[in-house]
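A.B. asks: Next up is a structure, given as structure tokens.
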């Protein structure tokens with residue numbers, strides 16, 4: 001249903017794809033729509049076997065299916081509010097259009113609690129206008145090489161289109177990922193009025209040499225290492241504890257949580273005296289190797305140490321899991337494309353620069369109302 005054109009852009013290049021990977025809460029667009037329908041209509045009986053969702057899985061997007069889906073979801077005007085498309089040249093539509101629509105949706109649902117939040121949404125809107133203008137200029141002038149100067153100006157990355165090297169392309173992918181994640185972290189800080197959940201500076205990947213191998217320690221493992229270290233300090237007053245002790249503490253928290261047991265009775269079977277850690281160890285090994293978290297994983301295996309399961313659904317602090325996922329996904333993708341772990345580590349070590357760049361631009365935007373380089 002989401003056309004590939006909606007992944008295109010310069011700063012927002014592949015953003016819907018990145019967000020999908022980061023959220024890691026659905027397996028396909030059809031699965032997303034089924035889950036969305038269950039929530040919006042408050043009807044858990046909606047299934048993938050219903051005729052509408054079969055059509056979505058087996059057909060190309062068309063007006064008939066879109067109209068049927070809209071009627072089935074029955075969104076009100078606020079839920080549907082997006083950037084008006086009537087006056088837009090469809091050739092200039094890209095990922096910016098989805099971002100702009102989300103901004104308008106947030107505004108219409110009164111997420112602008114204060115002037116700073118309002119400024120932030122205007123700041124993102126200005127990025128969308130920039131993206132649209134760059135696409136428009138590219139369509140008119142048809143000079144692919146001009147992309148290079150745009151990217152150097154706005155992302156501080158050097159790449160030579162139309163034929164970038166593998167290294168240049170990898171750097172570009174990483175850099176727009178870091179810039180977008182810095183924008184998202186800034187938004188979380190503004191809307192939550194705290195930076196307590198800004199974790200990306202703390203989970204940058206690490207390169208290690210072991211015997212004759214070069215290993216990348218991805219952001220997912222760094223995140224788990226930091227989480228274990230924080231737990232060791234707060235729970236035991238120690239610098240570190242073993243992974244085995246960490247697993248036992250998680251299992252104990254799960255076994256004592258009545259809400260979690262009510263939802264998943266299997267957790268009542270955990271032995272509080274000598275819990276079996278083999279299954280949780282395998283799960284953590286997969287995450288440490290680069291598997292992505294789901295929100296439910298994060299609630300049940302990470303946050304459960306700090307908060308009861310019943311309280312976790314309302315905790316905004318859980319958003320950091322999907323940003324860690326985005327970093328981990330891109331790092332794994334670079335590895336799969338033959339980029340050396342040392343180079344990946346060096347690229348992502350620049351994240352604090354992008355964090356500072358976004359903050360500086362936002363501060364300037366609040367003063368002038370103009371997005372400047």
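The values are calculated or read from the model by the stated rules, or taken from the named source; none is laboratory data. Here the structure is a predicted model, which means the values were calculated and not measured. Using ideal geometry, Cβ is built from the backbone for each residue, glycine included, and neighbour counts are taken over all protein chains shown.
A.B. asks: State the number of residues belonging to segment 229-247 that are part of a loop (DSSP other than H, G, I, E, B) and surrounded by 13 or more Cβ atoms within 10 Å (Cβ to Cβ).
C.D. replies: Count: 2.
A.B. asks: Let me ask something else about it. Out of 297, 291, report the one residue that is surrounded by 12 or more Cβ atoms within 10 Å (Cβ to Cβ), assigned to a loop (DSSP other than H, G, I, E, B) and not assigned by TED's automatic domain parsing to the domain that holds residue 20.
C.D. replies: 291
A.B. asks: Further, regarding this structure: Restricted to segment 16-33, and to residues that are modelled with pLDDT under 80 and part of a helix (DSSP H, G or I), which residue is nearest to residue 69 (Cα to Cα)?
C.D. replies: For segment 16-33, the residue satisfying everything is 33.
A.B. asks: In segment 48-93, which residues are closer than 30 Å to residue 141 by Cα and at pLDDT 70 or above?
C.D. replies: 88, 89, 90, 91, 92, 93
A.B. asks: Within segment 192-209, can one find any residue that is in contact with a strand residue (DSSP E or B) (Cβ under 9 Å, 6 or more places away or on another chain), in a loop (DSSP other than H, G, I, E, B) and at negative phi?
C.D. replies: The answer is yes; a qualifying residue exists.
A.B. asks: Which one of 104, 13 is at pLDDT 75 or above, within 30 Å of residue 137 (Cβ to Cβ), touching a helix residue (DSSP H, G or I) at 6+ places or on another chain (Cβ under 9 Å) and outside any helix (DSSP H, G or I)?
C.D. replies: The unique qualifying residue is 13.
A.B. asks: What is the one condition in (1) in a helix (DSSP H, G or I); (2) buried (at least 20 other Cβ atoms within 10 Å of the Cβ) that residue 357 does not satisfy?
C.D. replies: If we test residue 357 against (1) in a helix (DSSP H, G or I); (2) buried (at least 20 other Cβ atoms within 10 Å of the Cβ), just (2) comes out false.
A.B. asks: Next up: Taking segment 295-328, which residues are modelled with pLDDT of 90 or more and within 11 Å of the chain's Cα centre (by Cα)?
C.D. replies: 322, 323, 324, 325, 326, 327, 328
A.B. asks: Here's something else I'd like to know. Consider residue 346 carefully, then state whether it is touching a strand residue (DSSP E or B) at 6+ places or on another chain (Cβ under 9 Å), outside the structural domain of residue 123 (by TED's automatic domain parsing) and at pLDDT 95 or above.
C.D. replies: Here the answer is yes, as residue 346 does meet what is asked.
A.B. asks: Still on this model: Give me the residue from segment 333-343 that is out of contact with any strand residue (DSSP E or B) (no Cβ under 7 Å at 6 or more places or on another chain) and buried (at least 20 other Cβ atoms within 10 Å of the Cβ) and, out of that set, nearest to residue 165 (Cα to Cα).
C.D. replies: 339
A.B. asks: Let me ask something else. Taking residue 135 as the residue in question, decide whether it is in contact with a helix residue (DSSP H, G or I) (Cβ under 6 Å, 6 or more places away or on another chain) and surrounded by 14 or more Cβ atoms within 10 Å (Cβ to Cβ).
C.D. replies: Answer is yes for this residue.
A.B. asks: Can you tell me which residues in segment 189-203 are modelled with pLDDT of 90 or more and surrounded by 20 or more Cβ atoms within 10 Å (Cβ to Cβ)?
C.D. replies: Passing the criteria: 190, 200, 203.
A.B. asks: With respect to the numbered conditions (1) more than 30 Å from residue 155 (Cα to Cα); (2) at pLDDT 90 or above, which one is the sole condition not fulfilled by residue 134?
C.D. replies: It fails just one condition, (1).
A.B. asks: Has segment 139-151 got any residue that is touching a residue at least 12 places away in the same chain (Cβ under 8 Å), in contact with a helix residue (DSSP H, G or I) (Cβ under 9 Å, 6 or more places away or on another chain), over 17 Å from residue 9 (Cα atoms) and not assigned by TED's automatic domain parsing to the domain that holds residue 323?
C.D. replies: Looking through segment 139-151, none of the residues is touching a residue at least 12 places away in the same chain (Cβ under 8 Å), in contact with a helix residue (DSSP H, G or I) (Cβ under 9 Å, 6 or more places away or on another chain), over 17 Å from residue 9 (Cα atoms) and not assigned by TED's automatic domain parsing to the domain that holds residue 323.
A.B. asks: Continuing with this model, one more query. Against the condition in a loop (DSSP other than H, G, I, E, B), at pLDDT below 75 and surrounded by fewer than 16 Cβ atoms within 10 Å (Cβ to Cβ), how does residue 45 come out, does it pass?
C.D. replies: no
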